[in-house]
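Some notes on the structure that comes next.
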Amino acid sequence: MLTLPRLAARNLWFHRRGNLAVLLGVAVGSAVLTGALLVGDSLRGSLRAKAERQLAGVEAAALLPRPVRAAVAPDGTAPALVLPGSVQAETGDPAAPSLGRVTVYGIDARFRPTADLGIDWTAPAKRNAAPIALSHRVADRLGVKAGDKVRVGVQRFSDLPRSSSLAKRGADDVTATVTYTVAAVLAPGHPAGEFSLNPSPAAPLNVFVPVAALSDQARDESDHSDAPLATALFAFGGATDRLNAELKSRLRPEDYGVRLRVPRREKYLSVESDQLVLSAAQLEAVTKAADALKLRAEPTVVYVADTLSAGTKELPYPVVAGLNAAAAAPLGPFLPKGVPALGDNEVVIPDWAENPFRGLAPGTPVTLRYYHPDVEGEGKVLTAPLTFRGAIPLTGAANDRDLTPTVRGVTDERANLFDWDRPPMLPKDRIRARVPDNGPRAKFWNTYRATPMAYVNLATAERLFAGRFGTVTSARVAPGGGEGAEQLADRFGPELLKHLDPAAAGLGFDPVRERLLTASRGGTDFGGLFLGFSFFLIAAALMLVGLLFRLALDRRAKEIGLLLATGYAVRQVRRMVLAEGLLLAVAGAAGGLVAAVGDNRLLLGLLVRLWPDPEVGTFLEPHAAPLSFALGFGLTVVMALGALWLSV
């Protein structure tokens, strides 16, 4: 008995030529649609695989905002000093091949990606003879091999923010270059050569040197320690909370950039920043620690001005201090006799033998000229009108050179006033022209060094000398009864650590593997992007499917009329025709999945050829997810059936 299903099957074969055209149209639509989805899979999969290679087994990392002691690294982690730099082949020719934007890693034996190189990263080495391992990309561009010499340049650490008007910005002050011996060239695909925590498709340019050697190279000249430094801590396993807890237990105040200094007279403890000014968080922690120990703490601002003048009398390059002038000993007072407090815009000046302001009457207007604290104000001289409140004896609290923080070459014990050279603020030539050898300023320096020469209240100093990184240069803490400054330092340090927040200071581990893998997925749906590019081709294929199917039906008009004449209902005939179309759609969509694999490879090859960075071809590979095949097949069948329905 001939049933409708059998009739539909026979019709498919009998009208195979027309049906083949419909099937191929569906296959084209399926191949384009599924191929676009597979391209998205390939981009995501390739980026994920690249991220996995870049991680080299790292699960979490602490990327630190400032160098700390490498000794703070928790057990099972690897400290590293990571610095941007440049490398040049050492051939004796200044025009020898060089390469910038290189990442220089200072490492030790705990850094796992280089464990197979057989290099002893902790062995003592003379300067300019330490080993270095180069990625194959760096070695190829420099044209060097194992045993050759290369020069590595990195930026020096600074005891001042680079944007400060006091910071030195000469080439030798900012950068340091050292010669290393090439101990190994990493093979292509080596984990260390691919290592990077930067979610970028660009290939990393890595070099590896001993952390101790790189620390010595980058260390500021004022830092005389020899402890290895780290700007990153890499964890190859372990919970982030445990790592952060262990890291916090190992931190010291200096790892937060806070220095506890006992002045020569040991009357108080001076809490300072290794970047000249205390941040708001650091100052708040000092205040809370002092309150917890029931101690007095006084913020202090010290600044080197350009000129202090009254009429024709002037004093070049005075050190000006802003503080609580009424503070009790040993933190003060700094007030003339009979003056209870220092008001805003009032100034007191210590009295010494060559003081050019001797005999100046209280209430006399005084002018302070000073440079803007930040480099953005380079060359910009500001003026502040002050009122002279009186003179104070240069004794007791006022005779204290330790009020001024140590700035190498400016306020340290070996500094020479005539060797100051920090333009535009302290230009050497101008200092020599303005400061005679036997003048009041030179004599004061020879006797009292960096002792302040004028005092204003704290509010005035904070208003005048405010910079982007802060204003307060120190917080002086008075010892308790019967306690010495050294004893206070031993007691204050642990209490200060309780109020310094590692997370707020950027001293914490981050689950970088999770973050990097998330970043590898990108914010762009690559499948949807290529699907959009292919929209018109898919639409054209579906329109062609509908037209071809309609043409086939027109050619079968007599057959369909005969079925209707023999008693078949219109609904039955339509169902039979659509069943034929469904079978064609299923077969065409299935065949298109095979073609989609080739389409994916074709598009990837085109991307690699057109992409400006040839390194993309080293990691871009075909990937396929079952979901993409299912979506491509299902969507193609549904859309093809819809086109057939409209054509019936």
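Points worth noting:
- Sites V174 and D116, calculated FRET efficiency, Cβ-Cβ separation with R0 41 Å, nearest 0.05: 0.70
- Straight-line reach from K498: taking Cα to Cα under 20 Å and skipping same-chain neighbours fewer than 8 places apart, the lysines in range are K248, K288, K294.
- Model label sites at A466 and T287, defined 7 Å from Cα along the beta-carbon direction, differ in position by 1.5 nm.
- Around V178: net Lys/Arg minus Asp/Glu count, Cβ-Cβ under 14 Å: +3
- Full extension of the chain between K428 and W611 gives 60.6 nm of extra length, using 0.36 nm per residue less the Cα-Cα distance.
- Linear extension gain, T447 paired with A459, 0.36 nm per residue minus alpha-carbon span: 1.4 nm
- The residues of region 293-366 expose on average 39 square angstrom of accessible surface per residue, using a 1.4 Å probe on protein heavy atoms.
- The portion of the accessible surface of region 296-350 made up by carbon and sulfur, rounded to a whole percent, is 54 (1.4 Å probe; DNA, RNA and ligands excluded).
- D351-R242 FRET efficiency (beta carbon distance; Förster radius 60 Å; 0.05 resolution): 0.50
- Cross-link partners for K145 among the aspartates and glutamates, with Cα-Cα distance under 15 Å and sequence neighbours closer than 8 places in the same chain left out: E90.
- Here the spin labels are modelled as points 7 Å beyond Cα on the Cα-Cβ line, and at N399 and T181 they lie 5.7 nm apart.
- Extension gain from Q572 to R264, taking 0.36 nm per residue of separation minus the Cα-Cα distance: 100.2 nm
- When both region 18-59 and region 218-265 are represented by their alpha-carbon centers, they are found 47 Å apart.
- For the peptides 270-279, 207-216, residues were scored by their other Cβ atoms within 10 Å and the scores averaged per peptide; the highest-first order is 207-216, 270-279.
- Proximal lysines to K443, defined as alpha-carbon separation beneath 22 angstrom and excluding residues fewer than eight positions away on the same chain: K313, K428
- Spacing of the two label points (7 Å from each Cα toward its C-beta) at R66 and A595, in nm: 6.5 nm
- Surface composition of region 439-516: carbon and sulfur make up 50 percent of the accessible area, probe 1.4 Å.
The values are calculated or read from the model by the stated rules, or taken from the named source; none is laboratory data. Values in this document were obtained by computation on a predicted structure and should not be read as measured data. When we count neighbours, we look across all protein chains shown, and the Cβ atoms used for this are built from the backbone with ideal geometry, even at glycine. Note: accessible area is taken over every heavy atom of the protein model, side chains too, but ligands, DNA and RNA are not part of it. Shrake-Rupley method; radii C 1.70, N 1.55, O 1.52, S 1.80 Å.
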